[in-house]
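In what follows, a structure is listed as structure tokens, so that the remarks can point back to it.
The values are calculated or read from the model by the stated rules, or taken from the named source; none is laboratory data. Worth saying up front: this structure is predicted, and the values here are computed from it rather than measured. Here the Cβ positions follow ideal geometry from the backbone for every residue, glycine too, while neighbour counts run over all protein chains shown. Side chains included, ligands, DNA and RNA excluded: accessible areas come from the protein's heavy atoms. Shrake-Rupley method; radii C 1.70, N 1.55, O 1.52, S 1.80 Å.
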Amino acid sequence: MKDLTITAIIKVYQYDELSIDDQKLIKTAMEATARSYAPYSHFSVGAVALLNDGTIVSGTNQENAAYPSGLCAERTTLFYANSQYPDQPVKTLAIAAKTEKDFIQIPIPPCGACRQVILETEKRYGQPIRILLYGKQSIYEVNSICDLLPLSFDSSAMEE
Ligand code: THU
């Protein structure tokens, strides 16, 4: 028996330690939360995808009375970006979330289903996606979903 040790690198920033470009992406994700449709959870999530050519696409969580039919902001954004700009890899994904009162203190990491979709998007374009997660107290940065989804399943697992 041996241990398999997995390490994840998550950088933690204060907002004013970020580059101006990253601050702008986060502001755009924060602004996007206003377009969330969250009548059930009252939890508004905004996501912004920066594509390789500089295009910026944003999306929000969209809920449904049949709860599982709704979709998280991350997937809304990535699927929209990949539908509209199928030749443009996603470089960075920024996410912000708020309750009815205010933006959250500690960043929310993407749910498991979104992690899987982010992974597939990385694989599809052969390029890691840098992820910025906004919280009022701190901002987390990972250079690839692999830091949030270790031992992941992708199409290579189905090869011999
Ligand atoms: N949600 C997201 O949009 N992204 C996440 O990473 C976690 C959760 C949404 C789904 C649902 O509309 C609401 O937040 C509460 O779970």
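With the condition kept exactly as written, say whether any residue in the stretch 27-47 is open to solvent by less than 70 Å² (accessible area, probe 1.4 Å), within 15 Å of the ligand (Cβ to nearest atom) and within 21 Å of Arg124 (Cβ to Cβ). Can you show your working first?
Filtering the stretch 27-47 down to residues open to solvent by less than 70 Å² (accessible area, probe 1.4 Å) leaves 28-30, 32-33, 36, 38-39, 41, 43-47.
Restricting the remaining residues to those that are within 15 Å of the ligand (Cβ to nearest atom) gives 29-30, 32-33, 36, 38-39, 41, 43-47.
Next cut, within 21 Å of Arg124 (Cβ to Cβ) only: 47.
Yes, the stretch 27-47 has at least one match.
Of the set (1) more than 10 Å from the ligand (Cβ to nearest atom); (2) touching a helix residue (DSSP H, G or I) at 6+ places or on another chain (Cβ under 9 Å); (3) assigned to a helix (DSSP H, G or I); (4) not aliphatic (A, V, I, L, M), all apply to Thr92 but (3).
Restricting Leu133, Leu149 to those that are touching a Pro at 6+ places or on another chain (Cβ under 7 Å) and buried (at least 17 other Cβ atoms within 10 Å of the Cβ) reduces the list to Leu133. Between Gln127, Gln105, the distinction of being polar (S, T, N, Q) and under 22 Å from Phe43 (Cα atoms) belongs to Gln105 only. Got a sec? Which of Lys2, Lys24 is outside any loop (DSSP other than H, G, I, E, B), more than 9 Å from the ligand (Cβ to nearest atom) and more than 13 Å from the chain's Cα centre (by Cα)? None of the other options fit; the residue is Lys24.
Could you tell me how many of the residues in the stretch 58-89 are within 10 Å of the ligand (Cβ to nearest atom), under 19 Å from Leu132 (Cβ atoms) and in a loop (DSSP other than H, G, I, E, B)?
Result for the stretch 58-89: 2.
Is it the case that the stretch 83-91 has a residue that's over 25 Å from Arg124 (Cα atoms) and exposed (fewer than 14 other Cβ atoms within 10 Å of the Cβ)?
Going residue by residue through the stretch 83-91, those that are over 25 Å from Arg124 (Cα atoms) are none.
So far as the stretch 83-91 goes, no, none of its residues is over 25 Å from Arg124 (Cα atoms) and exposed (fewer than 14 other Cβ atoms within 10 Å of the Cβ).
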